[in-house]
Amino acid sequence: MSLDNLTKRAPATAPPKTPEPVAPAPRRVPRPGRTVRLVFLAIVATIMLVPLYVLVVNAFKSQSQILTDPFGLPTSGTLAPLRRALQGEEFDLVRGYAVTLLFVVCVNVLSIALAGPVAYVIARSPRRRFRALMLFFLAGTFIPSQVLVIPVVYVLKTVGLMGTVRGFVLFETVLTLPFSVFLYAGYITTVPRALDEAAALDGCGRNRTFWRIVFPLMRPVVATMVILNTFSVWNDFVNPQIILGPGSGLYTVTTGVYAAVSQYQTDYTVVFPTLLLAVAPLIVFFVFMQRHIISGLAAGATRG
Amino acid sequence: MNRSAAPPRRPAARTHRGAAPTRRARDRRAGLATTVMVLPATVLYTALLAVPVALACYLSLTDWDGFSAAPSFVGGANYRALANDPSLGRSLVVTLLLAAFGTVGLNVLGLGFALLLNGRSRVNTFFRMVLFYPHVLSALVVGFLWSAILGTTGAVNGLITSHGGDVLPFLADPDWALGTLVGVVVWAAFGVNVVLYLAGLQAVPRSLTEAARIDGASRWQVLRHVTLPALGPSVTVNIVLSLVTLLKTYDLVVSLTGGGPAGQTQTIAYLILWNSFHDGRLGLGSAQSVVLMAVTAALAVAVAQLRRRGESAVYS
């Protein structure tokens with residue numbers, strides 16, 4: 001506090017700089033350059049944010065004002081479109097949120113429960129068969145999920161899980177496994193083996209050693225994976241659309257938005273409020289957790 | 001020998017004969033624990049990922065319609081149908097153009113803004129966030145939003161017509177629509193490349209750039225001859241990732257152009273899912289996905305090889 005004040009006041013109390021004819025320091029960044037950079041960045045930021053602005057202001061306007069004045073602020077702000085989108089005839093957005101959240105939680109829990117132990121065994125065992133298992137899982141990171149969806153439909157039909165929540169959650173979980181196993185195994189190798197050995201001496205079994213001793217230390221990677229899985233399940237469109245299908249009556253936020261918006265693409269009093277309600281929670285979540293989300297999603301992007 | 005290796009704390013009474021467990025018994029128990037830990041994930045992964053990949057190859061040789069339990073074998077008929085399908089040619093062109101221009105856009109902007117935003121400051125954090133946020137939204141929402149902005153009655157055309165101008169066919173003309181698609185893809189995704197390039201820049205040793213500055217190199221020379229060569233691996237990763245991601249573009253096409261106008265912006269991924277689930281020709285769709293898988297793998301390997309050769313040329 002006092003230090004802060006000192007440094008802040010120092011220039012004010014210092015005598016005005018005498019214009020000494022000293023040669024300018026070659027290392028100093030010229031101020032105009034910095035201003036140009038800031039102005040340029042501000043213009044780019046505006047371009048990036050305009051769509052968001054359009055989305056927000058038009059969610060509160062009537063169709064005629066959207067058509068004649070798409071960029072202006074709402075003149076007679078009305079909440080009616082928002083309320084209508086929230087209760088939507090096409091799909092119930094609140095229910096869509098609940099369903100999607102349920103999927104996100106299930107996939108995350110299952111993914112950790114399945115990938116954690118495998119990664120532990122792979123990381124701790126020098127055996128060749130577990131190294132082969134690692135490669136087997138790693139190969140899965142290169143398979144695009146669109147390629148999988150057709151044969152997965154076949155498999156799920158054969159075992160009677162097509163069109164069910166269980167089938168969908170299992171498939172989404174499997175999609176998270178390759179990268180989870182890869183990240184977890186990499187992280188576990190940095191956890192000292194001495195911890196495991198101490199636990200084993202105390203009579204702790206392998207499974208318990210993992211969950212009680214190693215897993216609590218894995219918080220950073222698990223957090224990264226949870227962020228990644230949350231966004232990929234939340235934003236997934238193809239898999240819920242095809243595996244759950246319109247027949248099941250179960251809509252996630254994305255398939256619900258598709259059902260509502262694709263039918264009324266020119267009725268902007270449906271389009272804008274629905275889209276706004278679909279993205280608002282994500283944006284708020286992003287603003288508060290941006291550091292973790294950016295690093296998590298960037299790590300995920302590298303999985304291809 | 002064996003008995004002396006028994007764990008010290010285990011009470012002898014816990015085993016059948018009142019003796020300490022043999023090593024074999026303990027090994028068996030440890031083996032069981034390992035199996036319990038490994039098996040569930042491995043079985044599920046095999047059933048829902050490894051088997052389907054093999055199944056895709058098999059189904060591509062059948063006439064499966066999505067319903068019949070026993071599709072009949074048709075040999076290479078699906079692949080022959082692919083070779084003669086005019087819509088496949090167009091979708092290949094669309095996908096490759098999208099991948100090519102998109103990759104250039106993503107990497108030029110990604111690297112450019114990473115260089116501009118390198119360094120820790122609150123301003124940089126803010127701009128990084130602004131550039132990154134579209135990636136958080138689902139591609140489906142991004143597409144619907146931009147089609148509401150650029151459509152014939154959309155926001156931009158509304159502004160133009162209210163000032164007496166002519167409607168611009170952002171999504172109504174095939175060539176314009178492809179350009180719009182590339183633009184929106186780049187808008188939505190280059191923030192990721194910025195972050196990845198920033199991570200790459202962190203790995204460039206400061207001592208290198210400082211040494212070059214002290215030796216009298218200009219900022220541009222440092223960038224050209226020190227920073228960029230050191231970023232080599234980063235560039236490879238970014239290019240391969242952009243290519244692989246763009247080759248499977250689907251959601252955005254559905255919501256932005258709907259594959260139109262007149263099917264002129266259908267990507268391969270769009271065609272696969274359209275043939276499979278709209279027309280009920282899952283055998284044909286499987287053949288297309290096998291082709292997509294092969295093209296993706298080949299391109300990724302080729303780019304990585306080219307880059308590696310380029311890098312060794314730089315350093316030798």
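Data for the structure
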| quantity | calculated |
| --- | --- |
| B:F144 being surrounded by 22 or more Cβ atoms within 10 Å (Cβ to Cβ), out of contact with any strand residue (DSSP E or B) (no Cβ under 8 Å at 6 or more places or on another chain), touching a residue at least 60 places away in the same chain (Cβ under 8 Å) and not charged (D, E, K, R) | yes |
| All positions within the range B:237-273 that are surrounded by fewer than 19 Cβ atoms within 10 Å (Cβ to Cβ) and either part of a helix (DSSP H, G or I) or on the phi < 0 side of the Ramachandran plot (or both) | B:G260, B:P261, B:Q264 |
| Residue within the range B:162-185 that is modelled with pLDDT under 85 and assigned to a helix (DSSP H, G or I) present | yes |
| Answer residue from the range B:110-141, given it is surrounded by 16 or more Cβ atoms within 10 Å (Cβ to Cβ) and not in a helix (DSSP H, G or I) and is nearest to the other protein chains (Cβ to nearest Cβ) among those | B:S138 |
| Test result for B:T265, away from every other protein chain (no Cβ under 12 Å) and modelled with pLDDT of 85 or more | yes |
| Residue, modelled with the highest pLDDT, within the range B:225-236, restricted to residues that are within 12 Å of another protein chain (Cβ to nearest Cβ) and touching a Gly at 6+ places or on another chain (Cβ under 8 Å) | B:S234 |
| Verdict on B:V192 being within 18 Å of B:G89 (Cβ to Cβ), β-branched (V, I, T) and either part of a helix (DSSP H, G or I) or without any contact (Cβ under 8 Å) to a residue 40 or more places away in the chain (or both) | no |
| Test: residue in the range A:287-303 that is more than 7 Å from chain B (Cβ to nearest Cβ), closer than 20 Å to A:Q63 by Cβ and surrounded by fewer than 24 Cβ atoms within 10 Å (Cβ to Cβ) | no |
| In the range A:176-205, the residues that are touching a residue at least 60 places away in the same chain (Cβ under 8 Å) and at the interface with another protein chain (Cβ under 10 Å from one of its Cβ atoms) | A:L177, A:P178, A:S180, A:V181 |
| Flag if B:A148 is at negative phi, facing another protein chain (nearest Cβ under 8 Å) and either more than 30 Å from the chain's Cα centre (by Cα) or in a helix (DSSP H, G or I) (or both) | yes |
| Residue within the range B:157-177 that is buried (at least 16 other Cβ atoms within 10 Å of the Cβ), facing chain A (nearest Cβ under 7 Å) and in contact (Cβ under 8 Å) with a residue 24 or more places away in the chain present | no |
| Criterion: exposed (fewer than 14 other Cβ atoms within 10 Å of the Cβ), free of Cβ contacts under 8 Å to residues at least 60 places away in the same chain, part of a helix (DSSP H, G or I) and more than 12 Å from every other protein chain (Cβ to nearest Cβ) - qualifying residue of B:A302, B:A297 | B:A302 |
| Test result for B:L241, more than 26 Å from A:V270 (Cα to Cα) and assigned by TED's automatic domain parsing to the domain that holds B:A139 | yes |
| Checklist (1) within 14 Å of chain B (Cβ to nearest Cβ); (2) in a loop (DSSP other than H, G, I, E, B); (3) more than 24 Å from B:V130 (Cβ to Cβ) applied to A:T78, failing item | (1) |
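The values are calculated or read from the model by the stated rules, or taken from the named source; none is laboratory data. Keep in mind that what you see is a predicted model, and the values were worked out from it rather than measured. Note that each Cβ is placed from the backbone with ideal geometry, even for glycine, and that neighbours are counted across all protein chains shown.
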